[in-house]
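Have a look at the structure below, then the notes.
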Amino acid sequence: MAVSAVHLESDAFLVCMNHALSTEKEEVMGLCIGEHRLADMTGRPMRVVGWYHSHPHITVWPSHVDVRTQAMYQMMDQGFVGLIFSCFIEDKNTKTGRVLYTCFQSVQAQKGSEYERIEIPIHVVPHEAIGKVCLESAVELPRILCQEEQDTYRRIHSLTHLDPITKIHNGSVFTKNLCSQMSAISGPLLQWLEDRLELNKHSIIKLQKEKERLTQELASL
Amino acid sequence: MGYSACAKDCGLGAYVSIMAASISGYTFSSVCYHSANSNSDHEGFLLGEVRQEETLSISDSHIGSSEFLNVIEVHNHEPCTQLFSFYDYAGNVNEENLNRILKDRRKNVIGWYRFRRNTQQQMSFREQVIHKQLTHILGIPDLVFLLFSFISTANSSTHALEYVLFRPNRNKYNQRISLSIPNLGNTSQQEYKVSSVPNTSKNYTSVIKEHGTEFFDKDGVMKDIRAIFQVYSALQERVQAVCCEVDQSERVKEKIQEEVNKLKEEITLRKRNSAEEERRLQEAAAVMLPDNSALPDSSHSSLTQVVLSGPSVEPSLERPVNSSSPPIYSTTLPPDSPSAILLPRPQAVGSPGHPSPSLGLGNGDGSSSDSLNRQATGQEDQEDDDEDSSEYENLVSEQLQPPSLTETVLLGRPATLWPDGDAHSPPGS
């Protein structure tokens with residue numbers, strides 16, 4: 001049975017978009033943590049309920065591979081959903097940039113035939129404060145990137161037949177790549193965090209004032 | 001980087017001026033995030049820097065000329081907590097309010113932005129008026145305007161955010177600039193070499209071995225690697241530390257917001273109770289005839305018939321958490337209504353779908369949502385209807401139906417959505 005709708009909290013949306021916009025040269029992917037809600041829900045533990053990935057420079061619609069991958073996930077969990085973020089799209093004529101996102105599941109049209117996608121409504125739901133989990137996901141990205149770089153470098157480094165010049169070259173590639181990560185991801189991330197902190201400080205002051213005003217008003221009633 | 005070029009002849013040789021604009025992915029996402037949390041249009045200011053860089057001539061045909069790159073860098077944004085915070089319905093900008101919002105960041109302003117749902121990718125009349133005034137008040141001749149427009153498919157499965165950066169103070173031909181989002185680009189892991197260029201020269205081998213050792217420490221690890229890793233670690237530590245501070249501030253903010261909400265509810269409740277009390281007393285007084293023939297029984301029954309028609313109840317500030325019922329969809333328009341084509345129903349991104357029949361002249365029904373109600377950060381006074389209502393620019397049709405809470409037909413902007421396949425440009429965008 002298909003999922004009727006997906007609610008994506010705005011702070012999770014923020015993290016997905018950050019991730020999607022981190023690189024235009026390859027697709028990134030991640031998992032969505034959440035819960036299924038039924039009419040008579042009581043609390044249920046959070047678990048992986050879907051996956052998302054980016055389509056830089058390409059159409060937002062899932063490819064055949066994506067649809068098949070989604071179908072595989074659905075075999076383990078019927079309620080699993082797929083999200084795709086399409087970004088770095090620009091209409092050169094109108095200088096209009098575009099970011100799209102879609103939600104889908106897979107269904108087998110007929111027995112034995114290929115899978116096709118079905119569209120699932122998705123709504124980004126307001127969430128005024130950014131949750132702890134989302135913040136942690138956001139700062140995880142530079143760590144993951146560095147880890148991936150280290151893993152690659154270690155494999156290269158273990159090749160013993162390379163001459164010193166080649167080793168120096170490879171070391172420099174590592175250095176260069178880490179520098180790219182710092183200036184493209186860590187730096188802007190840190191700046192955004194500082195700005196957010198500043199914004200929150202101001203909001204808190206404003207809210208405090210309002211709280212006092214309301215407390216007085218209540219007392220006078 | 002995206003660019004638009006305009007050639008000018010200054011008499012000393014031609015020079016080409018190229019415009020480039022950039023915004024970080026984090027700032028861009030942040031604007032989307034704030035917009036998603038607004039139930040109406042969202043706006044704010046763009047802070048950053050405009051620089052001119054001279055680049056070396058790039059081709060033979062440009063020998064003897066310089067190329068100037070005008071770079072517009074958006075560093076961050078200052079979101080406004082509500083609409084009309086620094087201007088009024090006529091588009092008159094209030095400098096005092098502006099200063100209060102910007103504070104010492106005023107000098108960093110390079111532009112402003114607006115997020116709208118289901119509208120044309122062009123500035124509305126009021127936006128143009130505001131832009132002219134901001135240009136004058138802030139003293140920024142080339143103030144830019146970034147317009148975000150949000151559209152969705154009819155079934156809300158696919159959504160698009162379009163964005164255009166305008167330079168309204170320039171002539172018609174130079175108005176739009178490409179906005180690029182710098183990113184990691186090529187992670188370049190392909191640049192690692194897995195083999196060395198074959199070389200049998202003994203001289204080569206001995207020289208590079210002897211002098212190459214400088215680069216390696218006693219463990220055979222490149223010194224540079226350790227050094228850059230130190231930089232990365234220190235940076236990541238700092239990121240983590242600031243993140244913790246942000247997390248704390250978010251919790252504090254949440255808590256105070258909740259307390260504020262509770263206080264408001266309490267106040268409303270008290271006001272309602274005291275209003276009821278008033279009425280009850282008045283009823284009782286009215287029933288009490290001058291000859292004191294108050295009949296306990298009949299007065300009792302009349303008291304119980306007091307109708308609760310009071311001051312508008314403060315709408316519940318709870319976010320609807322129960323998603324068993326799909327979120328509120330917007331109006332159902334009769335299928336053959338001409339306005340269906342001109343006027344897509346605003347949707348998605350948590351919008352309650354309250355189009356106000358505003359032709360840019362003010363709000364119509366001043367609809368503060370009575371169904372899906374949210375409180376934006378710092379947004380005060382829910383009782384003030386006007387500021388909270390969705391404001392949609394460029395509405396052409398007047399045939400708007402009042403929103404009804406049906407979940408069925410949802411009309412998107414039919415012509416521009418991509419049923420099968422390619423993300424091609426919507427016509428007229």
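Values quoted throughout were computed directly from the atomic coordinates according to the rules given, and no laboratory measurement underlies them. In this text, all values refer to a predicted model and were calculated from it rather than measured experimentally. Reconstructed Cβ throughout: ideal geometry from the backbone, glycine too, with neighbour counts over all protein chains shown.
Give the separation of the Cα centroids, the stretch A:136-184 to the stretch A:16-39, in Å.
24
Size of the dipole of the stretch B:19-180 about the Cα centre, Lys and Arg at +1 and Asp and Glu at -1 on the beta carbon, nothing else charged, in debye to 20? Numbers along the way, then the final one.
Values: 15 positive and 16 negative charges, 87 e Å.
The dipole of the stretch B:19-180 has a size of about 420 debye.
Give the distance, in whole Å, between the Cα centre of the stretch A:55-76 and the Cα centre of the stretch B:209-226.
Cα centres, the stretch A:55-76 to the stretch B:209-226: 45 Å.
Restrict the search to the stretch A:77-127; then list the trypsin sites (Lys or Arg not before Pro) that DSSP places in a loop and that have at most 13 other Cβ atoms within 10 Å of their Cβ. Could the numbers behind the result be given before it?
Numbers: sites: A:LYS92, A:LYS95, A:ARG98, A:LYS111, A:ARG117; in loops: A:LYS92, A:LYS95, A:LYS111.
The qualifying sites are A:LYS92, A:LYS111.
Which pairs, out of A:LYS206/B:LYS132; A:LYS132/B:LYS271; A:LYS176/B:LYS218; A:LYS132/A:LYS211, put more than 28 Å between their alpha-carbon atoms? Kindly include the intermediate steps, with their values, before the conclusion.
On the way: A:LYS206/B:LYS132 30 Å; A:LYS132/B:LYS271 37 Å; A:LYS176/B:LYS218 23 Å; A:LYS132/A:LYS211 25 Å.
Over 28 Å apart, Cα to Cα: A:LYS206/B:LYS132; A:LYS132/B:LYS271.
Just to compare against my own numbers: the Cα pair-distance distribution for the stretch B:19-180, 10 Å bins, whole % per bin, please.
P(r) over the stretch B:19-180, rounded to whole percents: 10, 37, 34, 13, 6, 1.
When you look at the Cβ of every residue in A:202-212, what mean number of other chain Cβ atoms sits within 10 Å? Intermediate results must be reported in sequence, preceding the final value.
Numbers: counts 4, 9, 8, 2, 8, 12, 4, 1, 9, 6, 1.
Mean number of neighbouring Cβ atoms from other chains: 6.
Take every residue in peptide B:209-222, count the Cβ atoms of other chains within 10 Å of its Cβ, and give the average of those counts. Working shown, then result.
Values: counts 3, 1, 1, 6, 1, 2, 6, 4, 0, 0, 0, 2, 2, 9.
Taking the mean over all residues of the peptide, I get 3.
Per 5 Å bin from zero, what fraction in whole % of the C-alpha pairs of chain A is there, up to the bin with the longest pair?
Here the calculated profile for chain A is 1, 6, 10, 13, 13, 13, 12, 11, 8, 6, 4, 2, 1, 1, 0, 0, 0.
Convert each backbone phi in the stretch A:63-70 into a coupling constant with the Karplus relation 6.51 cos²θ - 1.76 cosθ + 1.60 (shift: θ = phi - 60°), then list the ³J(HN,Hα) values in order as whole Hz, x for Gly and Pro.
Karplus values, whole Hz, x for Gly and Pro: 6, 4, 5, 4, 5, 5, 4, 4.
Looking at the stretch B:194-298, which trypsin sites (Lys or Arg not before Pro) are in a loop (DSSP not H, G, I, E or B) and have at most 14 other Cβ atoms within 10 Å? Walk me through the numbers before you get to the answer.
Values: sites: B:LYS202, B:LYS209, B:LYS218, B:LYS223, B:ARG226, B:ARG238, B:ARG251, B:LYS253, B:LYS255, B:LYS262, B:LYS264, B:ARG270, B:LYS271, B:ARG272, B:ARG279, B:ARG280; in loops: B:LYS218.
Loop-located and lightly packed - B:LYS218.
What length, rounded to one decimal in nm, is gained on full extension from B:ALA234 through to B:ASP217, with 0.36 nm per residue of separation minus their alpha-carbon distance? Working shown, then result.
Numbers: separation 17, 0.36 × 17 = 6.12 nm, distance 2.13 nm.
Roughly 4.0 nm would be gained on extension.
Kindly put B:ASP247, B:ASP219 in sequence by how many other C-beta atoms sit within 10 Å of each C-beta, fewest to most.
Values: B:ASP247 19, B:ASP219 7.
With the fewest neighbours first, B:ASP247, B:ASP219 line up as B:ASP219, B:ASP247.
Using Cβ counts within 10 Å as a stand-in for footprinting exposure, how do B:ASP104, A:ASP195, A:ASP11 rank, fewest first? Could you put the intermediate results ahead of the total?
Values: B:ASP104 7, A:ASP195 19, A:ASP11 26.
Exposure proxy ranking, most exposed first: B:ASP104, A:ASP195, A:ASP11.
Give me the extension gain from A:HIS36 to A:ALA219: residue separation times 0.36 nm, minus the current Cα-Cα distance, reported in nm with one decimal. It would help to have the intermediate numbers written out before the result.
Numbers: separation 183, 0.36 × 183 = 65.88 nm, distance 4.27 nm.
Gain in length upon complete extension: 61.6 nm.
Let me have the 222 nm mean residue ellipticity of chain A computed from DSSP H runs of 4+ only, each contributing -39500 (n - 2.57), with the sum over all residues rounded to the nearest 500.
On the way: 5 runs with 102 residues, N = 221.
Using -39500 (n - 2.57) per qualifying helix, the result is -16000 deg cm²/dmol.
So how strong a dipole does the stretch A:68-198 carry about its Cα centre when Lys and Arg Cβ are +1 and Asp and Glu Cβ are -1, to the nearest 20 debye? Kindly include the intermediate steps, with their values, before the conclusion.
On the way: 13 positive and 16 negative charges, 78 e Å.
Dipole about the Cα centre, nearest 20: 380 debye.
Treat each spin label as a single point 7 Å out from the Cα along the C-beta direction, and report the A:VAL107 to B:GLN248 distance in nm.
Those two pseudo-labels are separated by 5.1 nm.
Karplus couplings for the stretch A:87-94 from phi (6.51 cos²θ - 1.76 cosθ + 1.60, θ = phi - 60°), rounded to Hz, Gly and Pro as x?
Coupling constants for the stretch A:87-94: 9, 6, 9, 9, 8, 4, 5, 9 Hz.
For the residues B:PHE86, B:PHE125, what sequence is obtained by ranking on other C-beta atoms within 10 Å, fewest first? Provide the component values of the computation, followed by the final result.
Working: B:PHE86 24, B:PHE125 13.
Taking fewest neighbouring Cβ atoms as first place, the list is B:PHE125, B:PHE86.
For B:ARG280 paired with B:ASN199, estimate the spin-label separation in nm (one decimal), with each label point 7 Å from Cα along the Cα-to-Cβ line.
It is 9.7 nm.
Determine the shielding of peptide B:223-236 by partner chains: average, over its residues, the number of Cβ atoms on other chains within 10 angstrom of each Cβ.
Working: counts 1, 6, 9, 1, 1, 9, 6, 0, 5, 11, 1, 0, 9, 8.
Averaged over the peptide's residues, the number is 5.
Under 5 Å between amide H atoms, partner at least 5 residues away or on a different chain: which partners does B:ILE110 have, H built in plane at 1.01 Å?
B:LEU46, B:LEU47, B:GLY48
Any idea which of B:SER124, B:ASN174, B:HIS136 is furthest toward the positive side of the dipole for the stretch B:19-180, if Lys and Arg beta-carbons carry +1 and Asp and Glu beta-carbons -1?
It is B:SER124, whose Cα lies furthest towards the positive end.
For A:VAL81, enumerate residues with amide H under 5 Å from its amide H, sequence gap 5+ or separate chain, H modeled in the peptide plane.
A:GLY50, A:TRP51
With +1 assigned to the C-beta of every Lys and Arg and -1 to the C-beta of every Asp and Glu, and no other charges, what is the dipole magnitude of the stretch B:175-260 about the Cα centre in debye, to the nearest 20?
Details: 11 positive and 13 negative charges, 105 e Å.
With only Lys, Arg, Asp and Glu charged at Cβ, the dipole is about 500 debye.
Taking the DSSP beta bridges in the stretch B:19-180 as the whole, what percent of them are antiparallel, to the nearest 5?
Working: 29 of 43 bridges.
Antiparallel bridges make up about 65 percent of those DSSP assigns within the stretch B:19-180.
What's the extension gain from B:LYS255 to B:ALA90 if we count 0.36 nm per residue and subtract their Cα-Cα distance? Intermediate results must be reported in sequence, preceding the final value.
Details: separation 165, 0.36 × 165 = 59.40 nm, distance 3.73 nm.
Here the answer is 55.7 nm.
If amide H atoms are built 1.01 Å from N in the plane of the peptide, which residues on other chains or at least 5 residues away come under 5 Å of the amide H of B:GLY185?
So B:GLY185 has HN proximity to A:GLU24, A:LYS25.
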